[in-house]
Amino acid sequence: MKSALVIDDHPITHLGASRLLRDLGYDPVGQAMSGEEALAQLADGSAPALIVLDISLPGKDGLDLIAPLKEAAPDARILIFSMNDQTGFAARALQSGAHGFLSKNAPPAEFRDAVYRLEAGEFYLSAKQAVALATLRAGASADPLGALSDRERQVLTLIGRGLSLQAIADELGVSYKTAANTSSSLKKKLDVDGINGLMKFALESGV
């Protein structure tokens with residue numbers, strides 16, 4: 001009998017995903033509310049065939065958990081299951097070693113299809129994500145930072161340091177409108193939402 005592990009800090013997600021997985025023949029279906037809890041379970045010797053992993057978790061986020069999860073359970077297939085379905089997150093997930101990426105807005109039939117694809121040794125992205133990722137990779141630069149202007153890099157760096165847009169404008173000697181427009185351009189180019197998304201990207205990319 002194949003087993004699975006669902007790592008998510010929302011009980012309702014555990015309930016829904018566990019029911020779907022049991023319908024697909026997974027038993028037992030383990031549950032963890034954080035990465036630390038999941039790694040502790042795996043340290044006890046459990047070896048799930050499938051790990052369903054959210055991105056937004058307390059402590060270490062899901063994308064940063066992929067590597068230690070693969071080390072603890074090298075044969076497990078990892079499906080990212082998240083509300084954060086921007087192309088940048090999907091790209092990072094696959095680059096980090098995940099085998100699939102599915103939005104929590106997807107219908108149950110798509111969840112089942114994703115699991116079947118992973119079981120067959122394939123990778124899974126929704127059609128929308130696959131097209132967006134292909135477009136991103138076909139761009140002038142595979143590195144999203146390579147598409148940024150010097151001013152955009154400056155603003156991104158200062159956002160990563162926690163400065164407000166007004167403080168950034170003062171630091172660079174530009175108007176608030178210029179700082180705000182540059183921030184908007186960054187969000188579009190990097191496919192992230194809000195200042196918090198830019199700050200997270202800046203910290204993770206080390207700019």
Worksheet item: What do you reckon, is residue 75 crowded, with 18+ Cβ neighbours inside 10 Å and touching a residue at least 24 places away in the same chain (Cβ under 8 Å)?
Response: no
Practice prompt. Collect the residues in region 94-108 that are under 19 Å from residue 83 (Cβ atoms) and part of a helix (DSSP H, G or I), keeping them in residue-number order.
Written response: 94, 96, 108
Item to complete: Only one of these is closer than 17 Å to residue 94 by Cβ, touching a Lys or Arg at 6+ places or on another chain (Cβ under 9 Å) and in the same structural domain as residue 101 (by TED's automatic domain parsing): 54, 64. Name it.
Response: 54
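Table: residues versus (1) outside the structural domain of residue 89 (by TED's automatic domain parsing); (2) among the acidic types (Asp, Glu); (3) touching a residue at least 12 places away in the same chain (Cβ under 8 Å); (4) in contact with a Phe, Trp or Tyr (Cβ under 9 Å, 6 or more places away or on another chain).
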residue: 153; (1), (2), (3), (4): yes, no, yes, no
residue: 156; (1), (2), (3), (4): yes, no, yes, yes
residue: 175; (1), (2), (3), (4): yes, no, no, no
residue: 180; (1), (2), (3), (4): yes, no, yes, no
residue: 183; (1), (2), (3), (4): yes, no, yes, no
residue: 186; (1), (2), (3), (4): yes, no, yes, yes
residue: 191; (1), (2), (3), (4): yes, yes, yes, yes
residue: 194; (1), (2), (3), (4): yes, no, no, no
residue: 200; (1), (2), (3), (4): yes, no, no, no
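The values are calculated or read from the model by the stated rules, or taken from the named source; none is laboratory data. Here the structure is a predicted model, which means the values were calculated and not measured. Glycine gets a Cβ as well: all are built from the backbone with ideal geometry, and neighbour counts include every protein chain shown.
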